[in-house]
1. Among the residues in segment 239-249, are any free of Cβ contacts under 8 Å to residues at least 40 places away in the same chain and among the aromatic types (Phe, Trp, Tyr)?
2. Only one of ALA171, ALA136 is among the hydrophobic types (A, V, I, L, M, F, W, C), open to solvent by 20 Å² or more (accessible area, probe 1.4 Å) and within 16 Å of the chain's Cα centre (by Cα); which?
3. Mind checking which residues of segment 109-133 are under 18 Å from VAL26 (Cβ atoms) and either crowded, with 17+ Cβ neighbours inside 10 Å or aliphatic (A, V, I, L, M) (or both)?
4. With the checklist (1) within 22 Å of ASP13 (Cα to Cα); (2) touching a residue at least 24 places away in the same chain (Cβ under 8 Å) in hand, flag the one item LEU86 doesn't pass.
5. Restricting to segment 217-238, name every residue that is in contact (Cβ under 8 Å) with a residue 12 or more places away in the chain and either of a type in the set (Asp, Glu) or surrounded by fewer than 20 Cβ atoms within 10 Å (Cβ to Cβ) (or both).
6. Pick out the one residue from THR84, THR24, THR30 that is surrounded by 14 or more Cβ atoms within 10 Å (Cβ to Cβ) and farther than 25 Å from LEU176 by Cβ.
7. Identify all residues within segment 208-240 that are closer than 17 Å to ASN267 by Cβ and outside any loop (DSSP other than H, G, I, E, B); write none if there are none.
Amino acid sequence: MKIGVVAPARGIDEALAARALGLTAVAMPTVDLVFHPQCFLSEGHFAGPDAARAAAFLEMANDPTIDAIWFARGGYGSNRILHTVLPQLGAAARRKTYLGYSDMGFLLGALYAAKIGRPVHGPMVGDVTRRDGGVAFARSLRWLVNKDRGVLEPGLDAAFKGRPAAAFNLAILTALTGTPWLPDLTDHVLLIEDVSEPLYRIDRMLFTMAHATQLKGLAGVRLGQVSDVQPNDPPWGETLETMITRWCGEMGVPYLGRAAVEHGANNHVVPFGLA
């Protein structure tokens, strides 16, 4: 199996790529993990200018010899290439799995909206540096290669009752709201997570989620980890459970409890649609 690695937002360095190649060789020796040279570019915040990131993604997505695209890293920037890449994806791109999370939610959502390939929320190549010994990295590798259901978010089968799912970073979801790239999530269970935000911003984004006309018809919402919460002055007076329960009530959909999706080592795999 040939897996292409591309960086539509921030880049990585050669040391991280070497570590990923080494772990892949041990865990899945039949996999050919191919890094596009664009992954190692740097221009300010980004892994190269918009045009270079778009070209690299299109090259790998449209390559019929590549079976799946595994995004290198999040950060910010994949939204800036959506209008360029979506119209240029061909037949080979429609057969691929695309796996990532965080900022990659822009691409995953847009691909799902356009019914191109199989978008999947899960750990990225950059997660190889986590202190979990490569467990998160291997979790996504096991899904890409074997569709190993043991790496799926644990509540998918029990809580979803056969319904399709989608998972997003909350900030990315709200940024997609009102754009043509937010997919139709009618009858889906939506999993959300976030990182490095004060709770008042989480509350504000939950307001957008609850009242977005494009999100009417959800089957339910589950809350993943909200980590690295930034201080609020004065201290925020509500718990996450209180907030999510209130906004789901205003949205008119059931809150279905917590989920194992996050910006951390316990981030599990959530295929968009039916797992």
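1. no
2. Residue meeting the stated conditions: ALA171.
3. Result: PRO123, VAL125, ASP127, VAL128.
4. For LEU86, the exception is condition (1).
5. Of everything in segment 217-238, those that are in contact (Cβ under 8 Å) with a residue 12 or more places away in the chain and either of a type in the set (Asp, Glu) or surrounded by fewer than 20 Cβ atoms within 10 Å (Cβ to Cβ) (or both) turn out to be GLY217, ALA219, GLN225, SER227, ASP228, VAL229, GLN230, PRO231, ASN232, TRP236, GLU238.
6. Numbers: THR84 fails: farther than 25 Å from LEU176 by Cβ; THR30 fails: surrounded by 14 or more Cβ atoms within 10 Å (Cβ to Cβ).
Matching residue, one of THR84, THR24, THR30: THR24.
7. ARG222, LEU223, GLY224, GLN225, VAL226, SER227
The values are calculated or read from the model by the stated rules, or taken from the named source; none is laboratory data. Just so you know, these numbers come straight off a predicted model, no measurement behind them. When we count neighbours, we look across all protein chains shown, and the Cβ atoms used for this are built from the backbone with ideal geometry, even at glycine. Heavy atoms of the whole protein, side chains included, go into the accessibility calculation; ligands, DNA and RNA do not. Shrake-Rupley method; radii C 1.70, N 1.55, O 1.52, S 1.80 Å.
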